[in-house]
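The values are calculated or read from the model by the stated rules, or taken from the named source; none is laboratory data. In this text, all values refer to a predicted model and were calculated from it rather than measured experimentally. FYI the Cβ positions are ideal-geometry reconstructions off the backbone, even for glycines, and counts take in every protein chain you see. In case anyone asks, the SASA skips ligands and DNA or RNA and just uses the protein heavy atoms, side chains included. Shrake-Rupley method; radii C 1.70, N 1.55, O 1.52, S 1.80 Å.
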Amino acid sequence: MNWDRVEGNWKLVKGRLKEQWGKLTDDDLDVIAGKRDQLSGKIQERYGLARDVADSQISDWERDVKDDDWFAASNRRV
């Protein structure tokens, strides 16, 4: 996953992040605004995790995400 793409498609990504980390609020996601380090900090705060654990979870999430599945759908018109 290219993090620049995450930032550029933040509205689409926010819902997916809430599926993964349900304790993140809409306000949290608005503050994060696509910034990976902000996401890591909020995950630490909401889940009581160490920074390296939060970063590892984000890395795992990034690996599992399929760019084409997400972003190709956002470019299609119905």
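Within segment 36-78, if we keep just the residues that are within 16 Å of residue 11 (Cα to Cα) and open to solvent by 90 Å² or more (accessible area, probe 1.4 Å), the residue that is modelled with the lowest pLDDT turns out to be 76. Report, by residue number, each residue of segment 1-49 that is over 14 Å from residue 62 (Cβ atoms), part of a helix (DSSP H, G or I) and touching a residue at least 24 places away in the same chain (Cβ under 8 Å). Within segment 1-49, 8, 10, 12, 46, 47 meet the criteria.
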